[in-house]
Amino acid sequence: MTPGKRKNDEKNQMKSIIRKAADDRTLKKIVLSRPADKTVKKLSASLFEKNGSLFMQLETIRSDGKAVHENIPAGEADAYIEGMFKSGYGQADIITTGGSCTALLSSSGKIHIKNNIKPAAGIAVRQHDAEKRYILADESAHDFLYLLDISDQKGRVFDKKRAKYRQINRFLELVDDVYDKLPPGKLTVCDLCCGKSYLTFAVYWYLTFKRDRAVDMYGVDLKSDMIAGSSAFAEKLGYSGMHFICGDAFGFVTPSKPALVISLHACDTATDIVLAGAVKQEADVILSTPCCHHELSGQIDSPPLAFITDSPILRQKLCDAATDALRMLRLRCEGYDVTAIELVDPDETPKNVLLRAVRRKNGPVDAALPEAYRTACRFLGADPALGRLLGD
Ligand SMILES: C[S@@+](CC[C@H](N)C(=O)[O-])C[C@H]1O[C@@H](n2cnc3c(N)ncnc32)[C@H](O)[C@@H]1O
């Protein structure tokens, strides 16, 4: 072996890759999968900083859904994780801000590494959960978090609910960001397609207890069991401003003009029902995280884009982005300032775009917008649900 090749092999060792990503603080996550021990599902590891020192948190997810956590100094993580990998897993994915690297363990015990990590473009170290100041960490949130089975009575979040906790907390941060766009007086808020109503309770709690506002909150969903459960929880908590309605979000109208319409993962065109309903009622602010995007995939007919749409995977990615971009444009035509925001860490869920629309108080709507929207639709061969619902 030439010295150059040996040096290159050395550089590609799993341990060195982990060490470099940890030292550079570009490591987002390491996932060990295909375990030999079938009582284990996977192990994931990520860096966090505590009191100025860097640690690696290891989370082993067991087949029964339970999670076991262990924190080790970041300096020991490379050897430790490589050892774990060699002794019990078939695959390791090292994900950094500069790309990812996959290591596969062959049956003969050889490690094959495919390294696509480029010089990275940003650090990825998170603060430890205990240190990050979550809006939901407030003691007054414990009651509803406990009833919704997110935490125990003392507010300690259950391992399997951490992702949900982070998601609704992040949503509250986004409500906080637009708080000054909400009107004075009693607030009417609705969560359309509310499902189990995690978000409905969180936003009601935030506005009522953290912002001291009088709120009428409406949660609407087609599923009667969930609506009945949420109504019972609201009563138990004494959240008297919460109202749950079993029914179609289509045509749902609040008794007074909504200040805020929220929606998290309303499937496919249910998101368009939410957006159209909010626009028709002139909601001041809309925060909506779309879910699966199927409609456009069945419509798109654009020869210039065939080089993308001929590949089913890329066709879907294009349709996901185009659907939300058309929604943004259509909302702008209605006088909203619209932004697309990342909701949580994209590693946690692919359904991660949040559309934030704030109704403009003054100034004319740009007259070129409707034509820009129609041109985009013609180019894609699209007839989007949001446009149809708004009477196009
Ligand atoms: C993926 S779930 C999301 C639930 C909840 N927002 C969450 O994030 O936990 C989608 C929900 O939308 C509801 N849904 C779908 N179409 C609806 C419609 N037209 N009217 C009311 N609810 C609807 C379903 O019953 C389901 O509970």
ask   = Taking the stretch 253-267 as the search range and keeping residues that are open to solvent by 10 Å² or more (accessible area, probe 1.4 Å) and aliphatic (A, V, I, L, M), which one is nearest to the ligand (Cβ to nearest atom)?
value = Leu264
request  = Considering every residue within the stretch 278-285, establish whether at least one is open to solvent by less than 60 Å² (accessible area, probe 1.4 Å), away from the ligand (no atom under 12 Å from the Cβ), under 25 Å from Tyr165 (Cα atoms) and touching a helix residue (DSSP H, G or I) at 6+ places or on another chain (Cβ under 7 Å).
outcome  = yes
query = In the stretch 241-252, what residues are closer than 17 Å to Leu222 by Cβ and either within 10 Å of the ligand (Cβ to nearest atom) or of a type outside the set (Phe, Trp, Tyr) (or both)?
reply = His243, Ile245, Cys246, Gly247, Asp248, Ala249, Phe250, Gly251, Phe252
remark   = How many residues of the stretch 340-392 are among the charged types (D, E, K, R) and modelled with pLDDT of 95 or more? The answer is 7
task = Of the numbered conditions (1) over 26 Å from Asp392 (Cα atoms); (2) within 16 Å of the ligand (Cβ to nearest atom), Ala270 fails exactly one; give the number of that condition.
result = (1)
ask   = Could we say that Lys236 is among the basic types (Lys, Arg), more than 27 Å from Lys361 (Cα to Cα) and more than 11 Å from the ligand (Cβ to nearest atom) here?
value = yes
query = Only one of these conditions is not met by Thr375: (1) surrounded by fewer than 17 Cβ atoms within 10 Å (Cβ to Cβ); (2) under 23 Å from the mean Cα position of the chain (by Cα). Which number is it?
reply = (2)
task = Considering each residue of the stretch 108-133, count those that are open to solvent by less than 90 Å² (accessible area, probe 1.4 Å), at pLDDT below 75 and not in a strand (DSSP E or B), and give that number.
result = 9
request  = Can you tell me which residue among Phe144, Phe171 is touching a Phe, Trp or Tyr at 6+ places or on another chain (Cβ under 8 Å) and modelled with pLDDT of 90 or more?
outcome  = Phe144
message = Checking Thr254 against (1) out of contact with any Phe, Trp or Tyr (no Cβ under 6 Å at 6 or more places or on another chain); (2) within 30 Å of Pro183 (Cα to Cα), only one condition comes out false. Which one?
response = (1)
Candidates Asp337, Asp320, Asp310 - the one that is under 16 Å from Val279 (Cα atoms) and either in contact with a strand residue (DSSP E or B) (Cβ under 8 Å, 6 or more places away or on another chain) or in the same structural domain as Leu354 (by TED's automatic domain parsing) (or both) = Asp337
task = Could you please tell me which pairs satisfy a Cβ distance under 8 Å, a separation of 6+ or placement on different chains, a first residue in the stretch 161-182 that is among the polar types (S, T, N, Q), and a second residue that is part of a helix (DSSP H, G or I)?
result = Asn169/Ile135; Asn169/Leu136; Asn169/Ala202
inquiry  = Take Ser224 and tell me if it is in contact with a helix residue (DSSP H, G or I) (Cβ under 8 Å, 6 or more places away or on another chain), among the hydroxyl-bearing types (Ser, Thr, Tyr) and within 16 Å of the ligand (Cβ to nearest atom).
reply    = no
ask   = Yes or no: Ala202 over 20 Å from the mean Cα position of the chain (by Cα), among the hydrophobic types (A, V, I, L, M, F, W, C) and open to solvent by less than 60 Å² (accessible area, probe 1.4 Å)?
value = no
inquiry  = When you scan the stretch 233-250, do you find a residue that is within 21 Å of the chain's Cα centre (by Cα) and of a type in the set (Val, Ile, Thr), even just one?
reply    = no
message = Out of Ala214, Ala234, I need the residue that is more than 16 Å from Ala278 (Cα to Cα), crowded, with 22+ Cβ neighbours inside 10 Å and in contact (Cβ under 8 Å) with a residue 24 or more places away in the chain. Which one?
response = Ala234
message = Among the numbered criteria (1) open to solvent by less than 50 Å² (accessible area, probe 1.4 Å); (2) in the same structural domain as Leu32 (by TED's automatic domain parsing); (3) at pLDDT 85 or above, which one does Leu54 miss?
response = (3)
Candidates Thr208, Thr188, filtered to the one that is more than 9 Å from the ligand (Cβ to nearest atom) and crowded, with 22+ Cβ neighbours inside 10 Å = Thr188
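The values are calculated or read from the model by the stated rules, or taken from the named source; none is laboratory data. Worth saying up front: this structure is predicted, and the values here are computed from it rather than measured. In this analysis, Cβ positions are derived from the backbone assuming ideal geometry, glycine residues included, and neighbour counts consider all displayed protein chains. The area values use the complete protein model at the heavy-atom level, side chains included, leaving out ligands, DNA and RNA. Shrake-Rupley method; radii C 1.70, N 1.55, O 1.52, S 1.80 Å.
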